[in-house]
Amino acid sequence: MYNIKAMLEAVPVKRLAHTMGVRDTSLRLAKRHFPFLENDEVEAAAILHDITKYLTREEHLRLCEDWNITLNDDEKRSTRVLHQITGAESAKRSFGVSDAVFSAIRCHTTGKANMSPLELLLMFADYIEPNRHYEGCEEIRDYYEVLFAAGDSYSLEKAVIKALGMTINEVVERGEFMNPDIINARNSLILKTNANKERSLL
Ligand SMILES: [Fe+2]
Ligand SMILES: [Fe+2]
């Protein structure tokens, strides 16, 4: 059992509303899609996922050096990517989270190939929690709910594919570097959801 109260105290105040939104959304989605997950695990991942969100790039890099985390060039490029790395390590060091919680926090922004239920859950809850208002957010929420209501067994995966597609388009439009894990995550979900269909490989 985790000390959820202590975890909540570690959340930056200006990240609290978003964090509680991710927590509530994760618990709701877990009940629907992954009832075998323990609430404690879902809550810990949600509450701690952004605990290092407001550190500067230099602070992230210093922490990684202190903690002997070797970063590759792709990881060093982006503060968004760095916050998932230091967030996961901080959650482990401060609260002794499980490997499953660690890895969900570790990839919540970029995703990765072959995501676990908790990884997928946290990533999607982070995209659609009620305090999110980015362009396209409502469209993703609706798309997911329609698929789920229709009994699509891949509603969650398909909605994450759509959300990742939006992120990829934005990164391209802004002319920014694309972390390859984003592409790996999307490709892997496409193969998973097409598993029973005839596939064309480009
Ligand atoms: Fe985050
Ligand atoms: Fe977040």
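Descriptive notes on the structure:
- In the chain, the DSSP-assigned H stretches of four residues or longer account for a calculated mean residue ellipticity at 222 nm of -20000 deg cm²/dmol, using -39500 (n - 2.57) per stretch and the full residue count as denominator.
- Per residue, region 4-193 exposes 48 Å² of accessible surface when a 1.4 Å probe is rolled over the protein heavy atoms with every protein chain present.
- Calculated Rg and Dmax of the chain using C-alpha coordinates, Å: 16.6, 50
- Pairs beyond 29 Å (Cα-Cα), from Lys76/Lys112; Lys31/Lys192; Lys76/Lys162; Lys31/Lys162; Lys14/Lys192; Lys14/Lys76: Lys14/Lys192
- With R₀ set to 22 Å, the beta-carbon distance separating Glu65 from Asn3 gives a calculated FRET efficiency near 0.20.
- Net charge of neighbours whose Cβ lies under 9 Å from the Cβ of His108, counting Lys and Arg as +1 and Asp and Glu as -1: -2
- Most fluctuating residue given options Asp126, Asp24, Asp152, as computed from a GNM of the chain linking Cα atoms under 10 Å: Asp152
- On the chain, 50 percent of the accessible area sits on carbon and sulfur atoms, based on a 1.4 Å probe.
- Neighbours of Glu135, meaning other residues whose beta-carbon lies under 12 angstrom from its beta-carbon, give a summed charge of -3 when Lys and Arg score +1 and Asp and Glu score -1.
The values are calculated or read from the model by the stated rules, or taken from the named source; none is laboratory data. Computed from a predicted model, the values in this text were never measured in an experiment. Here Cβ is always computed from backbone atoms with ideal geometry, including for glycine, and neighbour counts include all displayed protein chains. Calculation scope for accessible area: heavy atoms of the full protein, side chains included, ligands and nucleic acids excluded. Shrake-Rupley method; radii C 1.70, N 1.55, O 1.52, S 1.80 Å.
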